[in-house]
1. GluC sites (Glu not before Pro), restricted to region 189-253: which are DSSP loop and have at most 14 other Cβ atoms within 10 Å?
2. What's the magnitude of the charge dipole for the chain around its Cα centre, counting Lys and Arg as +1 and Asp and Glu as -1 at the beta-carbon? Answer in Debye, nearest 20.
3. Averaging sequence separations of C-alpha pairs under 8 Å and six or more residues apart, then dividing by the length of the chain, give the relative contact order as a whole percent.
4. Identify, among Ile56, Ala42, His6, the residue whose Cα sits farthest towards the positive end of the charge dipole of region 1-64, taking +1 on the Cβ of Lys and Arg and -1 on the Cβ of Asp and Glu, with the dipole about the Cα centre.
5. Taking 0.36 nm per intervening residue step and subtracting the Cα-Cα distance, what contour gain separates Val121 from Gln141 on full extension?
6. Report the Cα-based extents of the chain along its three principal axes, largest first, to the nearest Å.
7. Using DSSP to call loops (not H, G, I, E or B), can you name the trypsin sites (Lys or Arg not before Pro) in region 214-273 whose Cβ has at most 11 other Cβ atoms within 10 angstrom?
8. Please go through the residue pairs Lys94/Lys215; Lys215/Lys263; Lys199/Lys263; Lys175/Lys272 and name each one whose alpha carbons sit more than 19 Å apart in this structure.
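Read the figures in this text as sums done on the coordinates, not as results from a lab. It should be emphasised that the depicted structure is a prediction, and the values quoted were computed from it without experimental measurement. Heads up, the Cβs are rebuilt from the backbone with ideal geometry, glycines too, and the neighbour counts pull from every protein chain shown.
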Amino acid sequence: MSADLHIHTTASDGQLTPRQVIDFAIRAGLNTISITDHDTVAGYLELYKESIPLQIIPGIELSTNVADCEVHILGYYVDVNQEQFAEVLQHLTKDRFQRAGKIIRRLHDLGFFISQERVAVMAGNSHSIGRPHIARALVEQGYFASIAEVFQTVLATNGPAYVPHYKLLPKEAIKLIQLAGGLAVLAHPGLIKNETLVKDIIGLGIDGLEAIHPKHTSQQLGYYQELAQTHRLLITGGSDFHGIAGRYPEMLGKFSIPSSLIKEMEFALSRKT
Ligand code: AMP
Ligand code: FE
Ligand code: FE
Ligand code: ZN
């Protein structure tokens, strides 16, 4: 029995539609998944009325910012219709849309001419426009050979065309998720590269740590599992699948977690209510 609790779809910056994700997950033999798009639950909403032979946990990955660090907070079992939660998501995605326009203007100033229309095509039905969509338009236009090259040259955080988007503070994201009845989990703590900040976030009342992530080394995996145990936090994990060629894992099912971790999440949730 295996699960994957970190998956992106075309509702944010993934390449597969929510329906395709479900089909691939079933074929890969996964029993439980969570669609955790950046700042939107549109992918989950698209599916939740269908009957699907797979447990789907409603999820989200909120981008937050503190001390100049980007910190991602995952939310699981959220009530996607909770008023405040839905309102904040609407604000975040609207701001992402405006920010894309600002990035496109910066790129023009740098001599890279892509249109808002092409970015919209790349974003498809995404409700959460991000740098990857802009990067795809730049590659399509022939300015760069790959998405990785776009990030290296212009779109990296604090790069020449970088514009931040509105972000919550980690403590606001944690509160929002918990208010919507969900469990808040610190995403890929090893990518933050600031252990003081990780400990500060644990102090804010987070419910779990995503110790199991493809970009963690085996040392980081062990370290965060132990850190979670010390602080009595849940251990979660997932592939952070985007369906992007060259970005591991390229297929669902290649990186998964044991379903026993889901039971522990459900137990923690039952103790809260
Ligand atoms: P945004 O949320 O719009 O600032 O974009 C961040 C997203 O861009 C991340 O979630 C990744 O999916 C993607 N990303 C960030 N850095 C890179 C990179 N160096 N190469 C490819 N994709 C990246
Ligand atoms: Fe992403
Ligand atoms: Fe992330
Ligand atoms: Zn992610």
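1. Here the GluC sites (Glu not before Pro) that fit, given the DSSP loop and packing criteria, are Glu250.
2. So the magnitude is around 200 debye.
3. 23 percent
4. Checked the options; the winner is Ile56.
5. Extra length available between Val121 and Gln141 comes to 5.9 nm.
6. 55, 42, 40
7. Qualifying residues, ordered by number: Lys215, Arg232.
8. Checking Cα-Cα distances, Lys94/Lys215; Lys215/Lys263; Lys199/Lys263 exceed 19 Å.
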